[in-house]
1. Out of Asn56, Asn121, Asn50, Asn61, I need the residue that is modelled with pLDDT of 95 or more, in contact with a strand residue (DSSP E or B) (Cβ under 6 Å, 6 or more places away or on another chain) and surrounded by 16 or more Cβ atoms within 10 Å (Cβ to Cβ). Which one?
2. So which residues in segment 151-179 are of a type in the set (Ser, Thr, Tyr) and over 16 Å from Ala126 (Cβ atoms), if there are any at all?
3. Taking only pairs six or more apart or across chains, which ones have beta-carbon atoms under 7 Å, a first residue in segment 165-190 that is exposed (fewer than 14 other Cβ atoms within 10 Å of the Cβ) and at pLDDT 95 or above, and a second residue that is of a type in the set (Phe, Trp, Tyr) and not in a loop (DSSP other than H, G, I, E, B)?
4. Given the criteria under 16 Å from Val82 (Cβ atoms) and either part of a loop (DSSP other than H, G, I, E, B) or not small (Gly, Ala, Ser) (or both), does Gly107 qualify?
5. Any residue in segment 118-147 that's over 21 Å from Tyr158 (Cα atoms) and among the aliphatic types (A, V, I, L, M): show its pairings with residues that are in a strand (DSSP E or B) and modelled with pLDDT of 95 or more at Cβ separation under 8 Å, as long as the two are six or more apart or on different chains.
6. When segment 1-21 is examined, which residues are found to be part of a loop (DSSP other than H, G, I, E, B) and under 16 Å from Asn50 (Cα atoms)?
Amino acid sequence: MSYFAHPTAVIDEECIIGAGTKIWHFSHLMSTCTLGENCNLGQNVVISPNVILGNNVKVQNNVSIYTGVICEDDVFLGPSMVFTNVINPRSAVNRRNQYSETIVRKGASIGANATIVCGNNIGAYAFVGAGAVVTKEIKAYALVVGNPSKQIGWVSEYGHRLEFGSDTIAECPESHQKYKLENNSVSRIE
């Protein structure tokens, strides 16, 4: 095997698991899920059928990733955060053919105990604060907190808060990458 799985992990048939991936205690990968290279799944993680995780995705303890979720490369999912996949669940009504798709774009981070209501995509490098409840689309580089989540700023690809000057340019203090704010969207310019 080109990946590591703790002896207590359960891996169903037809899973695709990339080289260098680590799967820890009591985790369950259900059939036909796909994990990229160098992912790390903490303990008690459940990956449902047809879920796709890109390369270098970090999933902390007690996270369930349900059918309909796609995480691109370099995504961070904090401890006990929650995805949903049906907008109006009822125990007595089978809605398995109504799963909504949720895409978490490259480099995004979702904090501990946050909830992502299905069908709301998370933009590249966005940062969802701990405990936030996401009920609408999140823009690339956006920083959101609260219930329901509200955007309170912008972050760099390194996760630092961006402060834009009158020229609408900001610089990440760690990487020195520059970003431009235009039409209520941020893009990296260097």
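The values are calculated or read from the model by the stated rules, or taken from the named source; none is laboratory data. Keep in mind the model is a prediction, meaning the values are calculated, not measured. Note that each Cβ is placed from the backbone with ideal geometry, even for glycine, and that neighbours are counted across all protein chains shown.
1. That would be Asn121, the only listed residue that is modelled with pLDDT of 95 or more, in contact with a strand residue (DSSP E or B) (Cβ under 6 Å, 6 or more places away or on another chain) and surrounded by 16 or more Cβ atoms within 10 Å (Cβ to Cβ).
2. Ser166, Thr168, Ser175
3. So the pair list comes out as Ser187/Tyr179; Ile189/Tyr179.
4. Against the criterion (under 16 Å from Val82 (Cβ atoms) and either part of a loop (DSSP other than H, G, I, E, B) or not small (Gly, Ala, Ser) (or both)), Gly107 does not qualify.
5. Note: pairs meeting the criteria are Val133/Thr115; Val134/Thr115; Val134/Ile116; Val134/Ile122; Val134/Val128; Val134/Val144.
6. Passing the criteria: Asp12, Glu13, Glu14, Cys15, Gly18.
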